[in-house]
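I have placed the structure first, in the form of structure tokens, so that the comments after it can refer back to it.
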Amino acid sequence: MALHSILASASQLSTAQLAGVFLFVPVLLTLATIFYRLGPLYPLSGTPGPLLPRLTGLPILYHAYIGDEAKWVHSLHERYGAIVRLAPNWVDFRDVRALHPIYHEKGGFAKASHYRNFDVDGHATIFSNTIHQERSLRAKAVIQMFSVANCKKNAHYFKASLSRFIEQCQRDKESGRVQMLDLARGMGIDAVTEYLFGISFDGLREYADASSKLDAKCDQPPRMSASAFVDAFTASSRLLYCSKWLYTLADRIDGFFFPNPELPSSAASLESFTRIVMANARTTIDSGNSKTSETSETFPVRLLRAGFSPAEVAAQCKDIMFAATDTLGMNISTACFMLAKFPETYQKLSAEIEAATIKSDDDIHQLPYLNAVVRETLRMSMTNPCEFPRQVGASGWAFDNVFYPPGTTVSCSATEMHFYSGIYEDAFAFKPERWLHATEIMQKALMSFGVGSRQCIAKGMSLWALNLVIYEVAKENILGGLKVSSEKIELLEGFSSRVVGGSIDLVRE
């Protein structure tokens, strides 16, 4: 009877009155949400942070999109302390003690759903998969390829690309300008594809061809075909925190209003190369070669033999190409930039190498100052400067006597760990010497490849390769007579950073 009376009363309302009711309800719900999120009953009410992030996630979406996310988060920590709210349900920590429970303990918390925005061609990759068991099955099939021991056995792949990199650096040096970012990207993608796929992308050859066709007075730097794809992929990370449907919509709108004329041909080049890689892998599978044969040891063959579909394996190949190009490219070019900017550091490194007796690659990795330069480069190189978000599990999590309920997003970031003066003295200065007597907390805070069970699968390979590259650069005196063309490397900050202008140049003095 009561419901009948309500419906009867509603039927007597005018159109204007009904419209008022329908407008009033969402307003009431919005006000209730605001009072709840600001009130003492909200589970994170005791966690400090500015007003807007406590109400909505729009501020972090905005700062990620415009490219100053790391600076914004840093300003919040400077104002509010080591623990701060980035969104209603998101807490960021500038505390080394938080790294272990968030990323290490029992495998760490699950990756936040945001990572699925990094899926490739509709497939979750080893990087973007948020389900631990699914990711582990794929990683298990290929993890051996990324071990340092395997890299040593296949060092000729890396050294061939490194030799071409050094030769091109020397040619560019003679011309008066070394476009280090694209050169380093070329070396990274060539070495990794030749080793993992059994065929080189030939990025350095593309770079050399592009260089030979440029007019001497042209300001446009040479580019290999993969660079536009890498730039587009890193640019898309500014939308990482959007829900999936909003990410897709925003990415399409962004592409419509701000088209990249290089992207279609770049994507086509990657697609064509991936088809060749997959065709070679299928030929190996169809030939019935033994699993222990050399040709079957490639990355795609291992995944295909593990039972994953060709479409997914192709997506995994594209993802690893992006990671190799972006990570190695940024780290190598940052190292060269810093060594050119600080010649006394370069001279000290060169002196160590000249005085050393190198009988094998293992001897290279034992050079203390070289190792210090590599670690300081990784601390300063902001390939992934922002948060690595995780979601608290079903049982919740207590940290420093504060309980964080299930589903809370928690994170730490490379910027806050790497540039915190409480961990690294004079944190914004490039000082490799700090690593000669590194403390345990300094080692723990270095999170260039992520941390815990979900850290970058290629961490060992990348560190090994970076040591080799910097050693050869100093040994061949590539940076002698070169200086930086700008005071610092300007970045647009997001989950993946983007170099403003798309190049890191060294010029003749």
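Among the residues of the stretch 202-219, count how many are in a loop (DSSP other than H, G, I, E, B) and either at pLDDT 65 or above or of a type in the set (Val, Ile, Thr) (or both). If you could, list the steps in order and put the result at the bottom.
Quick first cut of the stretch 202-219, residues in a loop (DSSP other than H, G, I, E, B) only: 202, 214-219.
Okay, now just the ones that are also either at pLDDT 65 or above or of a type in the set (Val, Ile, Thr) (or both), so 202, 214.
Looking only at that region, the number is 2.
With the stretch 283-364 as the region, which helices (runs of 4 or more DSSP H) entirely inside it contain at least 1 residues that are aromatic (Phe, Trp, Tyr) and either in contact (Cβ under 8 Å) with a residue 40 or more places away in the chain or more than 21 Å from ALA232 (Cα to Cα) (or both)?
By residue number, 299-305, 310-341, 343-355.
Could you tell me whether LEU99 is touching an Asp or Glu at 6+ places or on another chain (Cβ under 6 Å), surrounded by 15 or more Cβ atoms within 10 Å (Cβ to Cβ) and either within 25 Å of ALA394 (Cβ to Cβ) or among the polar types (S, T, N, Q) (or both)?
Working: touching an Asp or Glu at 6+ places or on another chain (Cβ under 6 Å): no; surrounded by 15 or more Cβ atoms within 10 Å (Cβ to Cβ): yes; either within 25 Å of ALA394 (Cβ to Cβ) or among the polar types (S, T, N, Q) (or both): yes.
No, not satisfied.
Restricting attention to the stretch 408-439, and to residues there that are without any contact (Cβ under 8 Å) to a residue 12 or more places away in the chain and either among the hydrophobic types (A, V, I, L, M, F, W, C) or in a helix (DSSP H, G or I) (or both), which single residue is farthest from VAL73 (Cα to Cα)?
Per the stated criteria, the residue is HIS437.
When you look at ASP190, is it at positive phi and within 24 Å of the chain's Cα centre (by Cα), yes or no? Spell out the reasoning first.
Numbers: at positive phi: no; within 24 Å of the chain's Cα centre (by Cα): yes.
It is false that ASP190 is at positive phi and within 24 Å of the chain's Cα centre (by Cα).
Give the number of residues within the stretch 116-167 that are closer than 23 Å to ALA315 by Cβ, among the β-branched types (Val, Ile, Thr) and touching a helix residue (DSSP H, G or I) at 6+ places or on another chain (Cβ under 8 Å).
5
When you scan the stretch 166-188, do you find a residue that is closer than 30 Å to ILE34 by Cα, touching a residue at least 24 places away in the same chain (Cβ under 8 Å) and small (Gly, Ala, Ser), even just one?
So far as the stretch 166-188 goes, no, none of its residues is closer than 30 Å to ILE34 by Cα, touching a residue at least 24 places away in the same chain (Cβ under 8 Å) and small (Gly, Ala, Ser).
Of all residues in the stretch 297-349, how many are touching a helix residue (DSSP H, G or I) at 6+ places or on another chain (Cβ under 7 Å), aliphatic (A, V, I, L, M) and over 26 Å from ASN384 (Cβ atoms)?
3
With the checklist (1) buried (at least 17 other Cβ atoms within 10 Å of the Cβ); (2) of a type outside the set (Ser, Thr, Tyr); (3) in a helix (DSSP H, G or I) in hand, flag the one item ILE457 doesn't pass.
(3)
Please work out if ILE478 is under 24 Å from GLU352 (Cα atoms), assigned to a loop (DSSP other than H, G, I, E, B), in contact with a helix residue (DSSP H, G or I) (Cβ under 7 Å, 6 or more places away or on another chain) and not hydroxyl-bearing (Ser, Thr, Tyr).
yes
Please indicate, with yes or no, whether at least one residue in the stretch 397-407 is in a helix (DSSP H, G or I), at pLDDT below 95 and surrounded by fewer than 16 Cβ atoms within 10 Å (Cβ to Cβ). I'd like the intermediate steps shown before the answer.
Here is the first cut: in the stretch 397-407, the ones in a helix (DSSP H, G or I) are none.
Among the residues of the stretch 397-407, not one is in a helix (DSSP H, G or I), at pLDDT below 95 and surrounded by fewer than 16 Cβ atoms within 10 Å (Cβ to Cβ), which makes the answer no.
I'm trying to understand the selection: among the residues of the stretch 41-65, which are buried (at least 19 other Cβ atoms within 10 Å of the Cβ), without any contact (Cβ under 8 Å) to a residue 40 or more places away in the chain and in contact with a strand residue (DSSP E or B) (Cβ under 7 Å, 6 or more places away or on another chain)?
The answer is GLY49, PRO53, ARG54.
Can VAL84 be described as in contact (Cβ under 8 Å) with a residue 60 or more places away in the chain and either over 24 Å from the mean Cα position of the chain (by Cα) or surrounded by 14 or more Cβ atoms within 10 Å (Cβ to Cβ) (or both)?
So VAL84 does not fit the description; no.
The values are calculated or read from the model by the stated rules, or taken from the named source; none is laboratory data. All figures in this text were calculated on a predicted structure; none of them were measured in a lab. Note that each Cβ is placed from the backbone with ideal geometry, even for glycine, and that neighbours are counted across all protein chains shown.
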